[in-house]
Amino acid sequence: MRFTLLLVGLLLSSSTFAQVDRKIVGTWMGEIVSGSQSFRMVLHLKDDGGTLSCTLDSPDQGALGLPVKGATFANGLLKVDASNLSAAYEGKLLAGDSTVVGRWMQDGVAFPLNLSKQEKAVKLNRPQEPVAPFPYTVQQLTVDNAAGGAALSATLIIPKGAGTFAAVVLLSDTGPHNRDAEVMGHKPFWVMADFLARNGIASIRFDERGVGKSTGNFKAATTNDFASDALAAFRVLYANPKVNKKKVGLLGHGEGAVVAAMVAGAEPKAAFVTLLSGMGIVGEDILLKQARAIARASGMAESAAAEAEELNREMYNIVKTEPDNSQAITQLTDMAWTVANGQPSLSREERSAVVDNISKSFATLLLPWYRGFLVLNPATYLAKVRVPVLALSGAMDLEVSADENLKAIEAALREGGNATFKVLKIDELNHLLQHCKTGLPNEYGVIEETISPDVLRLVKDWIKNEVGQPAPKK
């Protein structure tokens, strides 16, 4: 459910430099601090046949090997043009050739960033990531969702042994994810699929439409499209001869939990649903509460957080009420100028910069997914789920608050007549279900744990012990 990272996107080019000074070649690392958040920043500067090339890492966010638009080094001054990231770096190499003192500029804000030369590459430690040999069968296949306009590249894992097995479709959170639900160097669905297979539970996971090896248009997709893809994957899993037809279910994380409920409520063959960090309240409320919680945990002043929330409410209202994109952009731009002109101490140029900064979000706000998500009500779909449900959230989840959403999930299930469910809130876990200190998204990449072993065991035990039970009759 993450919508903002310090580094986003892929860049395509590197600049040239007439001659490369060997003093600047190498790996350089520093830390950007913003309030209570901090990010390691790594610059890889190389002599590429007489030209200076540069790539960036933000290892704490799992962003590795991002090319920049240009880099130069002359008279002891290093300049990195990362304008495709709306960013730039400028620093001075000190005597001794092991320290660069400078600043990182992004979206008009400057952060001190002093770099130290590194002897070894910065690596992410992910101790839970599975290592071969694997005691199960792995099959790569394609899930054809012709009606939905996508062919999904998928991985099917079947435990070894006689008989048939319980099985689950793994459905990832908001944003373009590959089959491992990879985020900030973590591969939670790979860890989950491996653990389940070692305990006799089959699974299928897939690159989302338009991601990795899957076809389809991700930017044009809505939550309904993701549910269509999930149903296609469910049917492929259900048809496998090694799968127990009475024990095939869905496991979703974040928005994927809503997708799981959508499919389970419509597909009578679904046997169970597992909701991890799942949503129970309307999408707009999720986004507003998420922004406020992260702002508060980051040390932002309450007044500033309240102003940002009011701005978001106004933008969301325009998106919800104006279906025409061109008209919506006009209204959003007028609103942005109202905000900027409400700060008379700013110059005309500074007010224009405020408008430019706000307008960067317009394209995202008008995506079909965003328009649909703002009005998405998970309770509508949860009330239709009649099979056993496990809903599990972390007490320190700042993206989808555990108390409000678990309460709403339980209420929707009860209202629909489902009496076979279990709702759990687990202390010290964040949105990714990692043990954490703050719950802030910038912490995800720093944490070595990909997903709490307690969560893995809870999911496994619940599937093995609870599924296959007859649904209660209304």
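The values are calculated or read from the model by the stated rules, or taken from the named source; none is laboratory data. The model shown is predicted, which means the values in this text are computed figures rather than measured ones. Positions of Cβ are generated from backbone atoms using ideal geometry, with glycine treated the same way; all protein chains shown enter the neighbour counts. Ligands, DNA and RNA are stripped out before the accessible areas are found, and what is left, the full protein with its side chains, is counted by its heavy atoms. Shrake-Rupley method; radii C 1.70, N 1.55, O 1.52, S 1.80 Å.
If you go through segment 221-237 one residue at a time, how many are open to solvent by 10 Å² or more (accessible area, probe 1.4 Å), more than 18 Å from the chain's Cα centre (by Cα) and not charged (D, E, K, R)?
5
Here are Asp397, Asp334: which of them is surrounded by fewer than 20 Cβ atoms within 10 Å (Cβ to Cβ) and either assigned to a strand (DSSP E or B) or among the acidic types (Asp, Glu) (or both)?
Asp334
Quick check, is Val446 over 28 Å from Ala202 (Cβ atoms) and either open to solvent by less than 50 Å² (accessible area, probe 1.4 Å) or at pLDDT below 90 (or both)?
Details: over 28 Å from Ala202 (Cβ atoms): yes; either open to solvent by less than 50 Å² (accessible area, probe 1.4 Å) or at pLDDT below 90 (or both): yes.
When the stated conditions are applied, Val446 passes them.
Here are Ser53, Ser116: which of them is over 30 Å from Thr155 (Cβ atoms), in contact (Cβ under 8 Å) with a residue 60 or more places away in the chain and in a strand (DSSP E or B)?
Ser116
One residue is enough: does segment 461-470 have a residue meeting the conditions within 18 Å of Glu255 (Cα to Cα) and either modelled with pLDDT of 95 or more or touching a helix residue (DSSP H, G or I) at 6+ places or on another chain (Cβ under 7 Å) (or both)? Outline the logic, then answer.
First pass over segment 461-470, keeping only residues within 18 Å of Glu255 (Cα to Cα): none.
Taking every residue of segment 461-470 in turn, none turns out to be within 18 Å of Glu255 (Cα to Cα) and either modelled with pLDDT of 95 or more or touching a helix residue (DSSP H, G or I) at 6+ places or on another chain (Cβ under 7 Å) (or both).
Can you tell me which residue is farthest from Val459 (Cα to Cα) among those in segment 273-297 that are open to solvent by less than 20 Å² (accessible area, probe 1.4 Å) and outside any helix (DSSP H, G or I)?
Initially, segment 273-297 is screened for residues open to solvent by less than 20 Å² (accessible area, probe 1.4 Å), giving 273-280, 283, 286-288, 290, 295.
Then drop every residue that is not outside any helix (DSSP H, G or I), which leaves 273-280.
Numbers: Val273: 10, Thr274: 8, Leu275: 10, Leu276: 9, Ser277: 13, Gly278: 14, Met279: 18, Gly280: 19 Å.
Filtering segment 273-297 for residues that are open to solvent by less than 20 Å² (accessible area, probe 1.4 Å) and outside any helix (DSSP H, G or I), the one farthest from Val459 (Cα to Cα) comes out as Gly280.
Can you tell me which residue among Ala95, Ala74 is open to solvent by 60 Å² or more (accessible area, probe 1.4 Å), over 30 Å from Leu440 (Cβ atoms) and of a type outside the set (D, E, K, R)?
Values: Ala74 fails: open to solvent by 60 Å² or more (accessible area, probe 1.4 Å).
Just a single option satisfies the conditions, and that option is Ala95.
Wholly within segment 131-186, which strands (runs of 3 or more DSSP E) include no fewer than the required count, namely at least 2 residues that are over 26 Å from Glu466 (Cα atoms)?
Correct list: 136-145, 150-159.
Condition first: touching a residue at least 24 places away in the same chain (Cβ under 8 Å), surrounded by 12 or more Cβ atoms within 10 Å (Cβ to Cβ) and farther than 19 Å from Ser352 by Cβ. Now tell me which residues in segment 298-311 satisfy that.
To start, the set of residues in segment 298-311 that are touching a residue at least 24 places away in the same chain (Cβ under 8 Å) comprises 298-300, 311.
From what's left, surrounded by 12 or more Cβ atoms within 10 Å (Cβ to Cβ): 298, 300, 311.
Result: Ser298, Met300.
Can you name the residue in segment 312-328 that is under 25 Å from the mean Cα position of the chain (by Cα) and of a type in the set (S, T, N, Q) and, of all such residues, is surrounded by the most Cβ atoms within 10 Å (Cβ to Cβ)?
Top of the filtered list is Asn312.
List pairs: first in segment 125-149 and under 25 Å from Thr222 (Cβ atoms), second open to solvent by 80 Å² or more (accessible area, probe 1.4 Å), Cβ under 8 Å, 6+ apart or cross-chain?
Listed by first residue and then by second, the contacts come to Gly149/Asn217.
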